[in-house]
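Everything below concerns the one structure shown next.
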Amino acid sequence: MLTAGEALLAAKAFRATGRTQLPEPPDGSCPMLDPRGKCLIYEARPFGCRTHFCAAAGGPYARREVLDLIRRLEDVDRKLTGDGVHPLPAAIRRHL
């Protein structure tokens, strides 16, 4: 799930790879991974990818431990007139 700020950065980094269309992997994997599984936007990867804090990702951090960072992302989202978080593919496609 991405905020508007994260999606803007991710879309910019994705375009910098020379790509304009976000793929739809049939297996549901991240569309930001190349065929070898390497992140195409590593330097601009979203918060969730950087921290793997959520239980689904098996991360070492509980939400309460990263809540300050989450709130800061939400503040940036509001300043960009975002409307909350969106699934990664949809969020990035909005900014491509």
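The values are calculated or read from the model by the stated rules, or taken from the named source; none is laboratory data. Just so it is clear, the structure is predicted and the values come from calculations on it, not from any experiment. Cβ sites come from the backbone with ideal geometry, for glycine too, and all protein chains shown count toward neighbours. We work out accessible area using only protein heavy atoms, side chains counted, and drop any ligands, DNA or RNA first. Shrake-Rupley method; radii C 1.70, N 1.55, O 1.52, S 1.80 Å.
Things worth noting here:
- The set of residues in the stretch 1-51 that are out of contact with any strand residue (DSSP E or B) (no Cβ under 9 Å at 6 or more places or on another chain), surrounded by 18 or more Cβ atoms within 10 Å (Cβ to Cβ) and β-branched (Val, Ile, Thr) contains only 41.
- Checking each residue in the stretch 1-48 for being of a type in the set (Asp, Glu) and in contact (Cβ under 8 Å) with a residue 24 or more places away in the chain picks out 6, 24, 43.
- Condition check for residue 67: open to solvent by 100 Å² or more (accessible area, probe 1.4 Å) and hydrophobic (A, V, I, L, M, F, W, C): no
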